[in-house]
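Heads up: the structure comes next, in structure tokens.
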Amino acid sequence: MRGVRLSAFETGRSDLGDGKVLATAFDLRRRMKWQSWLLMASVGLAVYFGYHAVHGNRGMMASEQKAEELVAAKRELAVLQHERERLEQRVKRLRPESLDPDLIDELARETLSMVESDDVIILLEPETPVSEIGQR
């Protein structure tokens, strides 16, 4: 079929005679169908990437949440640094070259239940558990 020339009806195009070919309705429909698929795919991709830019693992919502977590972590870090400084000062007062007599007295009273001879001791009744309140 190499030498056979197809008619305008068979090709779906109309020949003007001077080598120019007019697009028929079939060609226009085929081109519009291709363009509509391309448009739908482009819109679909734009929606997909737009959604993930807002709600994805590294989207705007996630970055706001990470920013809030960062603020909370910085706040906790400041509290822990303050606690560490306080404990370092207390340990510093317990070193042999700088013993603090008040701290030693406080620790002895607290851990060993020691008292001095002129201390007044007041004994209190133990607190009543909540479960026993209605039974009296």
- Note on the structure: Quick calc, R109 & E83: beta-carbon distance into FRET formula, R0 30 Å, rounding 0.05, result 0.85
- Query: What FRET efficiency, computed as 1/(1 + (r/R0)^6) with R0 = 25 Å and r the Cβ-Cβ distance, is obtained for L99 and R75, rounded to the nearest 0.05?
  - Reply: 0.10
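Since every read-out is calculated from the coordinates, none of them should be taken as a lab result. Nothing here was measured: the structure is a model prediction, and the numbers come from that model. Using ideal geometry, Cβ is built from the backbone for each residue, glycine included, and neighbour counts are taken over all protein chains shown.
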